[in-house]
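The values are calculated or read from the model by the stated rules, or taken from the named source; none is laboratory data. This is a predicted model, so every value here is computed, not measured. Neighbour counts run over all protein chains shown; Cβ positions are idealised from the backbone, glycine included.
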Amino acid sequence: QIYLYQNRLIPLTQVHISPEDRGYYFGDGAYEVFRVYNGILYETEAHFTRLKKTVDALRIKLPADHTALTRQLEELVRANRLQEGIVYMQITRGTAPRVHAFPAGAEPVLMAYTQPLARPVATMEKGISAVTTEDIRWLRCDLKTLNLLPNVMAKQTAVDHGTGDVVFHRSGTVTECSASNMMIVKNGVVRTHPADNLILHGVTRAVVLRLAQSEGIPTQETPFTVEELLQADEAFITGTTVEVTPVTSVDGKPIGDGRPGAVTRQLQQAFEAAIP
Ligand code: PDD
């Protein structure tokens, strides 16, 4: 298994991350998860645009521009002969003795690896169940930082309930899920939380909203409540790893007739057709 470490492709055994890396102490860094279809990186530009927004907000300097980083990730994919899977990439503020303020002179540490991962065909076909949980995260959920403890805790809640994921809500308003965005369909209209500071601006979310428009399906980026989710005709989640996965029940109650809906199916087909 070859890793990208700084700007070098090296085996995992040669990657030496310091215990003083600020990612380890503080979660002080940013990350992206890219999809790879047929050996090709998917929506690369959108991922790097989002990464740039996160590192700019954190005041971490990327060691190279989008074009150079894309080339390095492409080389990584080739080195690992990855056909279907993901690339995980993270960049931390660097290595320094533990003080909260930004340490002077720390050099950002960049690391990326690939992981084979099949498309989630079974869950896309069947759908998943979910449980609601209060969204206790901070007010910059639009930044893709390494601080994922609330997401980790929430996902474990889903596992403990024997469900596929959680639906986060802030005082009854649905935001997103632990690692995906949430959409509902009511009377033929696709609705999802607006891309503000309370959700991650999912790359897949944007793709699906675009596809809906070209399919002639009306979309609305307005918040909806847990109650509206329960009353929806259909619900689904979008994300790099889940693509378009139906949510067929929430808190033990069926959504619509409890089976993946027609609009969800249409968007799944459109998504599949657009895969490189
Ligand atoms: N998660 N919302 C959250 C909180 C996420 O962590 C993710 C992605 C998404 C979907 O974004 P995208 O469509 O760009 O993948 C929404 C990645 C896959 C992860 O943390 O593993």
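In the condition set (1) farther than 25 Å from C141 by Cα; (2) not in a helix (DSSP H, G or I), V87 is compliant with all but (1).
Across the stretch 32-58, the qualifying residues are those that are touching a Ser or Thr at 6+ places or on another chain (Cβ under 6 Å) and in contact (Cβ under 8 Å) with a residue 60 or more places away in the chain, and the one among them that is nearest to the ligand (Cβ to nearest atom) is V33. When A235, A212 are checked against the criterion of being surrounded by fewer than 24 Cβ atoms within 10 Å (Cβ to Cβ) and in the same structural domain as R137 (by TED's automatic domain parsing), a single residue qualifies: A212. Here G29 fulfils each of the conditions (1) within 16 Å of the ligand (Cβ to nearest atom); (2) in contact with a His (Cβ under 9 Å, 6 or more places away or on another chain); (3) within 19 Å of V99 (Cα to Cα) apart from (2). Looking at the stretch 69-76, can you tell me whether even one residue there is within 16 Å of the ligand (Cβ to nearest atom) and surrounded by fewer than 17 Cβ atoms within 10 Å (Cβ to Cβ)? No, that holds for no residue. All of V226, V244, V203, V208 fail the test of being modelled with pLDDT of 95 or more and over 27 Å from A273 (Cα atoms), apart from V226. Close contacts from the stretch 118-144, counting a first residue that is free of Cβ contacts under 8 Å to residues at least 40 places away in the same chain and a second that is part of a strand (DSSP E or B), with Cβ to Cβ under 8 Å and a gap of 6+ residues or different chains, come to T133/V166; T133/V167; T133/F168; T133/H169; E134/F168; E134/H169; E134/R170; R137/F168. Scanning the stretch 18-68 for residues that are under 21 Å from V207 (Cα atoms) and of a type in the set (D, E), which turns out surrounded by the most Cβ atoms within 10 Å (Cβ to Cβ)? Looking at the filtered set, the residue picked out is E32.
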